[in-house]
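In what follows, a single structure is set out as structure tokens and then discussed.
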Amino acid sequence: MRLAANHEVAIVEEHRIPGKPIQCAGLVTPRGVPDIARGSVLGQVRGARIHSPLGFVLNIESREPRALVIDRQIFDADLFEAALDSGAKPLTETRLTSLNANDDHICVETDNGSSKLEIDADIVIGADGHRSVCREAAGCKPARHMLRGAQVELKGVHSDRDMVDLYLGSKVAPGFFAWAIPAEDMTRVGLCTWGKEHLPAVYLKKLLSRPEFAKAIEVSRSSGRIPIGAGRSAVGDRIMLVGDAACHAKPLSGGGVYTGTKGAALCADVVSRHLDNGGDTALSTYDDLWKKSFGTELARAFRIRKVFLALTDNKMDQALRMFEDPEVRSLIEKRGDIDYPSALSKKVLKLAPKLAQFSPQLIKSLL
């Protein structure tokens, strides 16, 4: 949308309908939902119930909404239509197959199932997900880790519609967590697992046997992968990467909508200046901008993820109980930010210094 107003832009979209199939839990901070996509918002969330492996439940509640629940298909469609309204040319049901650079342009080769098409481009922006053809062509490093997740939409779950439930433990979602997110008359229940040996579908089946979900009706099911751990660069030779292609998903939550939209805006601004001033603005400027905006947070969050992976169920329960301290809980409720969770790490550790016992060396690196 930002580029199409003043430049010739083509969108290569492999699906017939942008946003399908859905592979997203749809819980996003308000800053992650542009005004043009506000029609995708289904509800607001003001807190979370965090269930420890041993049965303890930590309640984190805020007076104000802390996140929005969106319909991801509508969200993507709104962004797509906004780009077309600005002048972008759509190529739906068309798959990117390869990129070949020459002296002046990049040849984009695509396939729509019945014919092949070649497009000459000055710059290619790869938003082509965890299996990114663009990332490989740009010579950028793959993700440091690949999460795998599965989710269902259920009808008939009775719970607070402005609270999410998070479930921890090696028997629930090894290396990560499970969730139940209200979405109007539906509830999205899903999880991610860290290790390849832990199949998400197996753990999701166990999760759905819990009393709160057992009598609900399954409406839909989805699954996908999330690349975790960004490299040093998201720029190749006239190839830029955004979103999952750039491995910009958040290591603690797996969310990628905010970093995807923010990264896309930063990328578009750099590309626009580069084209407008005859190349005087280096495309590598994009790396400086996304690192300053959210790259440091991604790196710190990956280190915190390592602390989490080292916890046994017993230690996880102990750690969660420490957050029950009134000062710690008040700090999180007032200043917690799911886009920048590590920002509170120093203050939380000062209020609950015993947390340092779980991984002294890694926690020291956060300070």
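Consider all pairwise Cα distances in the range 298-366 and report the whole-number % of them above 16 Å. Summing the P(r) of the range 298-366 above 16 Å gives 46 percent of all pairs.
Its convex hull of Cα atoms gives the range 1-45 a direction-averaged projected area, equal to a quarter of the hull surface, of 4.5 nm².
Treat the range 154-288 as a sphere of radius equal to its Kirkwood radius over Cα pairs and apply Stokes-Einstein at 10 °C in a medium of 1.306 mPa s; give the translational diffusion coefficient in µm²/s, rounded to a whole number. Please list the in-between numbers first.
Values: Rh = 17.4 Å.
It diffuses with D of about 91 µm²/s by this estimate.
With viscosity 1.567 mPa s and temperature 4 °C, the Kirkwood radius over alpha carbon pairs of the range 242-282 converts through Stokes-Einstein to a diffusion coefficient of 117 µm²/s.
Determine the sum of side-chain charges near Ala5: Lys and Arg each +1, Asp and Glu each -1, restricted to other residues whose C-beta is under 15 angstrom from that of Ala5.
-2
Look at where the Cα atoms of the range 79-109 and of the range 213-227 average out, and the two centres are 32 Å apart.
So if each residue of separation counts as 0.36 nm, and I subtract the Cα-Cα distance between Asp313 and Asn102, what length gain in nm does that give? List each step's numbers first, then the result.
Numbers: separation 211, 0.36 × 211 = 75.96 nm, distance 5.43 nm.
The span from Asp313 to Asn102 would gain 70.5 nm if fully extended.
Along its principal axes, the chain has C-alpha extents of 60, 46, 40 angstrom, given from the largest down. Restricting the calculation to alpha carbons of the range 66-165 gives Rg and Dmax of 18.9, 61 angstrom. Using the alpha-carbon centroid of each, what span in Å lies between the range 1-26 and the range 306-341? So the separation of the two Cα centres works out to 37 Å. Which part of the range 46-84 falls in the paramagnetic zone of Lys354, meaning amide N under 20 Å from the point 7 Å along Cα-to-beta-carbon? Within reach of a label on Lys354, which here means backbone N under 20 Å from a point 7 Å along Cα→Cβ, the range 46-84 contributes 50-60. Charge tally for Trp179 (other residues, Cβ to Cβ under 12 Å; Lys, Arg +1; Asp, Glu -1): +1. The modelled label-to-label distance between Ser114 and Arg335, using points 7 Å beyond Cα along the C-beta direction, is 6.0 nm. Of all segments of the chain bounded by GluC sites (Glu not before Pro) found in a DSSP loop with no more than 16 other C-beta atoms within 10 Å, the longest spans 198-323. Any chance you could tell me what percent of the C-alpha pair distances in the range 212-367 go past 18 Å? The answer is 67 percent, as a whole percent.
Quick note: the coordinates plus some simple rules give every number you see, no bench work behind them. Keep in mind that this is a model prediction, so the values were computed, not measured. Note that each Cβ is placed from the backbone with ideal geometry, even for glycine, and that neighbours are counted across all protein chains shown.
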